[in-house]
Amino acid sequence: MSAELSAAEKQKILRERRKQKFAKVGGSGRLNKIVGKSDSLLSTESPLDQKASLKTSSSGDNSASTTEMEQLINNVHNTPKTSNSTKNEPEIDPALKAQLDIFKQFAQQQQQEEQFAGAPGLNGSATGAGAGASGLPEMPDLFSQLAKGFPGADGTGAGSGADIFGGANPFMDAAPMVPPEVVQYHTSTLNQFKARNTFIKWVFILLPYMYFVTHPEFLATLSTENTFLIQLFSKNNFFTVLTTLEIISISLYYQFKQKLSKKTKVTATSESKILGLLKMIPEGIIPIRNLHGKVNLVFQYLDVFNLFVVDLCFCLIVMGIMTYVHNLH
Amino acid sequence: MDFTVDPNLSDLINSTTHKWIFVGGKGGVGKTTSSCSIAIQMATKQPEKQFLLISTDPAHNLSDAFGEKFGKDARKVTGMENLSCMEIDPSAALKDMNDMAVAQNNSNGSNGGLADMLGGGGALADLTGSIPGIDEALSFMEVMKHIKKQEEGEMSYDCVIFDTAPTGHTLRFLQLPTTLTKLLDKFGEMTSKLGPMLNSLTGGGNMDLTGQMNELKVNVEKIREQFTDPDLTTFVCVCISEFLSLYETERLIQELNSYDMEVSSIIVNQLLFAEYDEEHNCKRCQSRWKMQKKYLSQIDDLYEDFHVVKMPLCAGEIRGLNNLKKFSQFLYKEYDPVADGKVIYELEDKK
């Protein structure tokens, strides 16, 4: 058989075999074979493996993996609370304090600018506003650098000797800046939960419920002793049942949101642009106390109302379709 | 499909397609002897073709190997009609370039440019001559010259064999096409932005920098294509049967594979074959042969699909055309320690 092969064909086959063998064992593996047998300390790093690793890193996926996201979240948790204790904080002039408040809010606003994408959520709620990746170019964040403090004499980190506020650095009182990736993660997780919640509610609870409500003959088949079910599927109790369901569903949603906020440290202020702008207005300028808090509450109520209205609309549409189909038959 | 791999270089020696053959390995393993042997065998088996043996090692040995002086210009080996040798001398090549530049400068008149500032190019020549890697660069220029001749149909040689420098230098030389391509790309970007300014710096002469660079880039690309074509270029690794040499050979092969350069043959030199030599078989030789056998088995295992040629340690130095011819025959037909054992004692003394 080999006599029939030309020299060129033989060389080609041998070349393929060599490639396969190198690919199978790897460069480092082959060097290990040589070095291992002689108890040598020579390096077994292979130029072939380096080349392969260069190729894979250049074509790697840029999106943050779950482990990277968890690391980011851990970093947010581990960021030490840099606020000075109230005992050490000297008294600052109220006018200066108001100005410092403005600067603080500018710093936070700059952080939020980078996160805000403006995409509306599933039900148009403010809190559902997608905080996706902004198209803004990255700008040097001078205020966040100020918030970290001035560098020391050796140029590393915040130096105690360069504190122009005499010990109390109001910038350091700000809540730890949440990376935009974490905000994005927070928003997308929340939206995911909302979508699943809605899907389960609509497909497995509301749809069958609407079917039984719109088919009165079903009630007739039930035994008179089964008062709970009769009450449940009675048209008169439709809104009661729907409200109960909404309360349960919204509670679940807010529980999840609270838990997630604890984990990611993302607050309503970082999510919403309006709240962020309101936070910038110092106390005393507008004659409404705690405007930010009140607006936040309004948004929360709006959110709940939105959720209820969407489900109600769904029920009405399904009811209409089912009634129409039922009448056809 | 199963077949045994011939433990000789007959396929390579009879090859009609190969244009570039590199012979390299760690220092002191017998690269020059092997490259001369390959060149002699190819010239003998293919008498109708012309072969050129170039030494790219700054510490040239070709002249000593053949017992006659070779220079930067190719010259035929005495006794061989179709084999020429060349030893590239970096300082002489730079001097030539310098002389040409000075002559050109003088004919164009002084323009107050950079060349004038550096004293008519003399200082520049001294500076560039001591740059590390200049030897490899000059060897590379020689290759480019031959490729250009080949393109123009003026190629004098059908195959060029390189007796390379020890491993590190050779790898730098082989990286040159890639390095140069990147450099030229960057330089191209610069000249497109700074072209007129650069021209004034170089004395305002009619230097078409962009044109020259593009030409250089094209030539470099051609070289890269040829060096990575397994039918045109191959690298023969030379080693001895010892740990460091084996390790170095493996690293060299892997490095060459990363450059997509074909390596299919390995010459294992200086083997004792002590058990076959009953007459000359001291304790030391037996001990060394035992050590060599250990590494030979590793070589056989690692390089199963390579042409592994096992060459004997001769009793004397392999210098001069006759001795090289006697030694080189074992590259074509593998050495049989029983049948060919006497040959290693029949080398002529070079007086």
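The values are calculated or read from the model by the stated rules, or taken from the named source; none is laboratory data. The model shown is predicted, which means the values in this text are computed figures rather than measured ones. Because the Cβ atoms are built from the backbone with ideal geometry, glycine has one as well, and the counts that use them run over all protein chains shown.
Would it be correct to say that residue A:256 is in a helix (DSSP H, G or I), farther than 20 Å from residue A:206 by Cα and either among the aromatic types (Phe, Trp, Tyr) or at pLDDT 80 or above (or both)?
On the way: in a helix (DSSP H, G or I): yes; farther than 20 Å from residue A:206 by Cα: yes; either among the aromatic types (Phe, Trp, Tyr) or at pLDDT 80 or above (or both): yes.
Against the criterion (in a helix (DSSP H, G or I), farther than 20 Å from residue A:206 by Cα and either among the aromatic types (Phe, Trp, Tyr) or at pLDDT 80 or above (or both)), residue A:256 qualifies.
Kindly provide the set of residues from the range B:214-235 that are in contact with a Phe, Trp or Tyr (Cβ under 7 Å, 6 or more places away or on another chain) and either under 20 Å from residue B:331 (Cβ atoms) or surrounded by fewer than 16 Cβ atoms within 10 Å (Cβ to Cβ) (or both), ordered by number. Please lay out each step first, then the result.
First, the residues of the range B:214-235 that are in contact with a Phe, Trp or Tyr (Cβ under 7 Å, 6 or more places away or on another chain): B:226-227, B:232-233, B:235.
B:233, B:235, listed by residue number.
Residue pairs, Cβ under 9 Å, 6 or more apart or interchain, first in the range A:1-22 and facing chain B (nearest Cβ under 7 Å) and farther than 17 Å from residue B:12 by Cα, second modelled with pLDDT under 90 and assigned to a loop (DSSP other than H, G, I, E, B). List them.
Once the first residue is facing chain B (nearest Cβ under 7 Å) and farther than 17 Å from residue B:12 by Cα and sits in the range A:1-22, its partners that are modelled with pLDDT under 90 and assigned to a loop (DSSP other than H, G, I, E, B) give A:1/B:1; A:1/B:2; A:1/B:3; A:2/B:1; A:2/B:2; A:2/B:3; A:2/B:4.
Hey, could you check the range B:73-87 for residues that are in a loop (DSSP other than H, G, I, E, B) and crowded, with 17+ Cβ neighbours inside 10 Å and say which is modelled with the lowest pLDDT? Even if it seems obvious, please write down each step before you answer.
As a first pass, look at the range B:73-87 and keep what is in a loop (DSSP other than H, G, I, E, B): B:73-74, B:77-82.
Narrowing the set further to residues that are crowded, with 17+ Cβ neighbours inside 10 Å leaves B:74, B:77, B:80, B:82.
Working: B:74: 85, B:77: 93, B:80: 92, B:82: 93.
Only one residue tops the list, namely B:74.
Got a number for residues in the range B:233-281 being polar (S, T, N, Q) and assigned to a strand (DSSP E or B)? Show your work before the answer.
From the range B:233-281, those polar (S, T, N, Q) are B:233-234, B:241, B:245, B:249, B:254, B:257-258, B:264-265, B:269-270, B:281; that's our starting set.
Subsequent filtering for residues that are assigned to a strand (DSSP E or B) retains B:233-234, B:264-265, B:269-270.
Adding up the residues that qualify gives 6.
When residue B:260 is evaluated against the numbered criteria (1) modelled with pLDDT of 75 or more; (2) more than 17 Å from residue A:47 (Cβ to Cβ); (3) out of contact with any Lys or Arg (no Cβ under 6 Å at 6 or more places or on another chain), which criterion, by number, is the only one it fails?
With respect to (1) modelled with pLDDT of 75 or more; (2) more than 17 Å from residue A:47 (Cβ to Cβ); (3) out of contact with any Lys or Arg (no Cβ under 6 Å at 6 or more places or on another chain), residue B:260 is out only on (2).
Of all residues in the range B:22-41, count the ones that are within 14 Å of chain A (Cβ to nearest Cβ) and modelled with pLDDT of 95 or more.
Filtering the range B:22-41 for residues within 14 Å of chain A (Cβ to nearest Cβ) gives B:26.
The next check asks that each one be modelled with pLDDT of 95 or more; those that pass are none.
Result for the range B:22-41: 0.
What pairs come out if I take residues in the range A:199-224 that are modelled with pLDDT of 85 or more and pair them with residues that are of a type in the set (Val, Ile, Thr) whose C-beta lies under 8 Å away, six or more apart or interchain?
A:206/A:318; A:207/A:318; A:209/A:241; A:210/A:318
Would you point out which residue out of B:250, B:221, B:275 is within 14 Å of chain A (Cβ to nearest Cβ) and touching a residue at least 12 places away in the same chain (Cβ under 8 Å)? Quick ask: steps written out before the conclusion?
Numbers: B:221 fails: within 14 Å of chain A (Cβ to nearest Cβ); B:275 fails: within 14 Å of chain A (Cβ to nearest Cβ).
Just a single option satisfies the conditions, and that option is B:250.
When you scan the range B:319-335, how many residues do you find that are within 18 Å of residue B:241 (Cβ to Cβ) and not hydroxyl-bearing (Ser, Thr, Tyr)?
As a first pass, look at the range B:319-335 and keep what is within 18 Å of residue B:241 (Cβ to Cβ): B:327, B:330-331, B:334-335.
So of that shortlist, the ones also not hydroxyl-bearing (Ser, Thr, Tyr) come out as B:327, B:330-331, B:334.
Looking only at that region, the number is 4.
Looking at the range B:8-21 only, could you name the residues that are away from chain A (no Cβ under 11 Å) and either under 13 Å from the mean Cα position of the chain (by Cα) or surrounded by fewer than 18 Cβ atoms within 10 Å (Cβ to Cβ) (or both)?
B:19, B:20, B:21
What residue, of B:302, B:296, is touching an Asp or Glu at 6+ places or on another chain (Cβ under 9 Å), within 14 Å of chain A (Cβ to nearest Cβ) and either modelled with pLDDT of 90 or more or surrounded by fewer than 14 Cβ atoms within 10 Å (Cβ to Cβ) (or both)? Reasoning before the result, please.
Numbers: B:296 fails: touching an Asp or Glu at 6+ places or on another chain (Cβ under 9 Å).
Unique residue meeting the criteria: B:302.
Within the range A:226-252, how many residues turn out to be modelled with pLDDT of 90 or more and farther than 18 Å from residue A:315 by Cβ?
Residues that pass the stated criteria total 2.
Given the structure, is residue B:281 buried (at least 20 other Cβ atoms within 10 Å of the Cβ) and more than 14 Å from chain A (Cβ to nearest Cβ)? If you could, list the steps in order and put the result at the bottom.
Values: buried (at least 20 other Cβ atoms within 10 Å of the Cβ): no; more than 14 Å from chain A (Cβ to nearest Cβ): yes.
For residue B:281, the condition - buried (at least 20 other Cβ atoms within 10 Å of the Cβ) and more than 14 Å from chain A (Cβ to nearest Cβ) - is not met.
Pick from B:266, B:344: which is out of contact with any Leu (no Cβ under 7 Å at 6 or more places or on another chain) and either within 14 Å of another protein chain (Cβ to nearest Cβ) or basic (Lys, Arg) (or both)?
The unique qualifying residue is B:266.
Considering each residue of the range A:310-320, count those that are aliphatic (A, V, I, L, M) and surrounded by 12 or more Cβ atoms within 10 Å (Cβ to Cβ), and give that number.
Going residue by residue through the range A:310-320, those that are aliphatic (A, V, I, L, M) are A:310, A:312, A:316-319.
Now narrow it down to the ones that are surrounded by 12 or more Cβ atoms within 10 Å (Cβ to Cβ): A:310, A:312, A:318-319.
Qualifying residue count for the region: 4.
Could you please let me know if residue B:286 is within 23 Å of residue B:14 (Cβ to Cβ), not in a strand (DSSP E or B) and not basic (Lys, Arg)? Quick ask: steps written out before the conclusion?
On the way: within 23 Å of residue B:14 (Cβ to Cβ): no; not in a strand (DSSP E or B): yes; not basic (Lys, Arg): yes.
When the stated conditions are applied, residue B:286 does not pass them.
For residue B:317, state whether it is farther than 30 Å from residue B:64 by Cα, among the acidic types (Asp, Glu), assigned to a loop (DSSP other than H, G, I, E, B) and in contact (Cβ under 8 Å) with a residue 12 or more places away in the chain. Steps first, answer last, please.
Values: farther than 30 Å from residue B:64 by Cα: no; among the acidic types (Asp, Glu): yes; assigned to a loop (DSSP other than H, G, I, E, B): yes; in contact (Cβ under 8 Å) with a residue 12 or more places away in the chain: yes.
Criteria not met by residue B:317.
Which count do you get for residues in the range A:274-299 that are touching a helix residue (DSSP H, G or I) at 6+ places or on another chain (Cβ under 8 Å) and in a helix (DSSP H, G or I)?
12
Check the range A:239-249 and report whether any residue there is under 18 Å from residue A:187 (Cα atoms) and in contact with a helix residue (DSSP H, G or I) (Cβ under 7 Å, 6 or more places away or on another chain).
Residues of the range A:239-249 that are under 18 Å from residue A:187 (Cα atoms), as a first pass: none.
For the range A:239-249, residues under 18 Å from residue A:187 (Cα atoms) and in contact with a helix residue (DSSP H, G or I) (Cβ under 7 Å, 6 or more places away or on another chain): absent.
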